[in-house]
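Written out below as C-alpha cells is the structure these notes cover.
The values are calculated or read from the model by the stated rules, or taken from the named source; none is laboratory data. Remember, it's a predicted structure, so these values are computed and weren't measured experimentally. Cβ coordinates were reconstructed from backbone atoms using ideal geometry, including for glycine residues, and neighbour counts include every protein chain displayed. We work out accessible area using only protein heavy atoms, side chains counted, and drop any ligands, DNA or RNA first. Shrake-Rupley method; radii C 1.70, N 1.55, O 1.52, S 1.80 Å.
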Amino acid sequence: MRELAAEHGTPLYVTDLDRVAENCARLRAAFPDAEVRYAAKAHTGRAVLETVRAAGVDAECASAGEVRRALDAGFPGGRLHYTAVNPPARDLDLVVEWWTEHPDLTITVGARDTLDRLADRGFDGRVCVRVNPGVGAGHHEKVRTGAAAKFGVPADRAAAVVAEARERFDAVGVHAHAGSGIHGEEDLAAHRELVARMGDLAREVGDLEYVDAGGGFGVPYRESDPALDLQAVADATREALGDVDAALAVEPGRYVVADAGVLLTAVNTVKPTADTTVAGVDAGMTDLLRPAMYGAYHAIRNLDADAGRERAPVTVAGPICETGDTFCDGRDLPTPRRGDLLAVGNAGAYGYEMASTYNSRPRPAEASLAGDLLRERETLDGVTRLERGGSVE
Ligand SMILES: *Cc1c(COP(=O)(O)O)cnc(C)c1O
C-alpha cells in the first residue's frame, strides 16, 4: 500500500481484482443454478467489469452510460440488463440504438408507460417488469427501495403490466429489489417476504425465463460485524421463491466489490483539541461520500503506526468545508502524525463511483493491488474543461 501511495500519490483507491473474482466465484457457488448479475453501479471501472465478465457473472446496468461501459468491457447483449428507473429520453434513445446491434439485451421497466416509450422508439425486444413489492430493506432509509413509490410497478397492477408487455414485446422476467445492505435477521425476513411475493407473481403470470430477486447483500463494515452468511441468504431465497418454472436471478453490487477496495489518504495536519485529535487528511467526502451521505462506518487503519504507538480518540476529517466531511469522529486509533498513511476499508463499492468534483477537487486516482494504474487522477484542467468548450485535450 505504501509503495502504491508513493507511486501514484494520495488520495488513491486501490482495487484488488483477484478479490472481485473471488467474490464472484463465491456468489456463483452459493447460487449454483441462478443467474448472477453484477449491479455495475457499485463500481463501473473497466478493469472491474472485465474481471466480473471473465468470472461468468452478467451485468445489470442503471443507465445508458453503464450499458455503454458494459458493452465496452465485452459483455454480450445476452448478459446485459438495463434497469430503467424513470429513464431519461436520451438514455432510452441510446439503449434502443445499441439494442439493434445487441438484440439480446434486456430492458427492465419500472412504469407501464416505459413500454410506450420503448415502442415509440421501435423497440420490440426483451422486457422485464420491475415490481414494487411493498417491502423494503437495507442499511439506511435512503437505500430502501422495495417499498418506495418511485420504484417499480405497484404490486396490484404488476400482472396486468406483464400481460401487456407480453402482447407488445418479448416479456422474459419479473424483477424486484428490496434495497441495499441487507444484513441481519430483520433485513433477511424482509428479503424473504419480497421473494415470496415475487414467487406468487411468477406463478400467477406463468411463462417467464427468470424471476430477479434483486441484490442488496450486505457486507460487514464494522470490525465487529459478522460476515454475511451468503449460503443462508441463498437458501432463504430459494425456499421463499417456492416452485416456479423460471430461473432465479440475483443482482448484487456491493457484495462483489466492497471489500476489494480501500481508499488511501495521507495525514497532512494534526490538531490536538480538548476532546479529540483531528487528523486532517487529503481525501474527503468528494472521494468517499458514504460517511457524509449515510453516516456510514468505514474501518480506518494507520499503516504507519506500529503496535507501540499510543492510542487516543481521533477524528479523521477531509479538506472540505462541511461538517459531514468526516470519516470518523473520536474513534480509538493510533495517535496520528503528519505524513502517516491511512487506509479506509471496504471502499470498493459506491466509493469512486460517488466521487464528485465539489469544491473543485479533481477526482482521485485508482490503482490495482497488483500495481497497475486503473484510473488517472483527474486534473484541474479536467475539472474546468466543460466551461471552456471542452477544448482541453
Ligand atoms: C443498486 C441496485 C442493486 C445492487 O445493490 P447492492 O446493495 O449494491 O447489492 C441491484 N439491483 C438494482 C435494481 C439496484 O438498483
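Summing -39500 (n - 2.57) over the DSSP H runs of n ≥ 4 in the chain and dividing by its residue number, what mean residue ellipticity at 222 nm do you reach, to the nearest 500 deg cm²/dmol?
-9000 deg cm²/dmol
Carbon and sulfur atoms: what percent of the 1.4 Å accessible area of the stretch 229-384 do they account for?
48
Once the Cα-Cα distance is subtracted from the 0.36 nm per residue extended length, the residue 2 to residue 322 segment shows a gain of 112.3 nm.
This model, with +1 at the C-beta of Lys and Arg and -1 at the C-beta of Asp and Glu, gives the chain a dipole about its Cα centre of some 800 debye.
Per residue, the stretch 31-252 exposes 40 Å² of solvent-accessible protein surface, assessed with a 1.4 angstrom probe and all protein chains in place. Please give the net charge around residue 92, taking every other residue with its beta carbon less than 13 angstrom from that of residue 92, where Lys and Arg add +1 and Asp and Glu add -1. Here the charged neighbours net out to -3.
Ordering 94, 40, 71 by Cα displacement along the dipole of the stretch 31-252 toward the positive end leaves 94 in first place; charges were set at the Cβ atoms of Lys, Arg (+1) and Asp, Glu (-1). Each Cα pair under 8 Å and six or more residues apart adds its sequence gap; the mean of these over the residue count of the chain is a relative contact order of 18 percent. What relative contact order, as a whole-number percentage, does the stretch 31-252 give when Cα pairs under 8 Å and 6 or more residues apart are counted? Over the stretch 31-252, the number comes to 18 percent. What part of the accessible area of the stretch 2-50, given as a whole %, is carbon or sulfur when the probe is 1.4 angstrom? Of the solvent-accessible surface of the stretch 2-50, carbon and sulfur hold 45 percent.
Looking at the chain only, what percent of DSSP beta bridges run antiparallel? Nearest 5 please.
40
Think of each Lys and Arg Cβ as +1 and each Asp and Glu Cβ as -1; about the Cα centre, that makes the dipole of the stretch 162-272 roughly 580 debye.
Surface analysis of the stretch 304-393 yields an accessible area of 54 Å² per residue, using protein heavy atoms and a 1.4 Å probe.
Per atom type, the stretch 111-159 shows carbon and sulfur on 46% of its accessible surface, probed at 1.4 Å. A cut-off under 13 angstrom between Cβ atoms defines the neighbours of residue 364, and their net charge, with Lys, Arg +1 and Asp, Glu -1, is -2. Straight-line cross-link partners of residue 142 among the lysines, defined as a Cα under 19 Å from its Cα and at least 8 positions apart when in the same chain: 41, 150. If R0 is 45 Å, the Cβ-Cβ spacing of residue 167 and residue 238 corresponds to a FRET efficiency of close to 0.90. In this Cβ point-charge picture (+1 for Lys and Arg, -1 for Asp and Glu), the stretch 31-252 has a dipole of about 640 debye about its Cα centre.
The phi-based Karplus calculation (6.51 cos²θ - 1.76 cosθ + 1.60; θ = phi - 60°) puts the 3J(HN,Hα) values of the stretch 93-108 at 4, 5, 5, 5, 4, 5, 4, 4, 8, 10, x, 8, 6, 10, 10, 9 Hz, whole numbers, x for Gly and Pro. In the chain, taking the dipole from charged Cβ atoms about the Cα centre, the farthest positive-side position among 208, 149, 129 is held by 149.
Using 0.36 nm per residue and subtracting the Cα-Cα separation, the extra length available between residue 120 and residue 360 on full extension is 82.4 nm.
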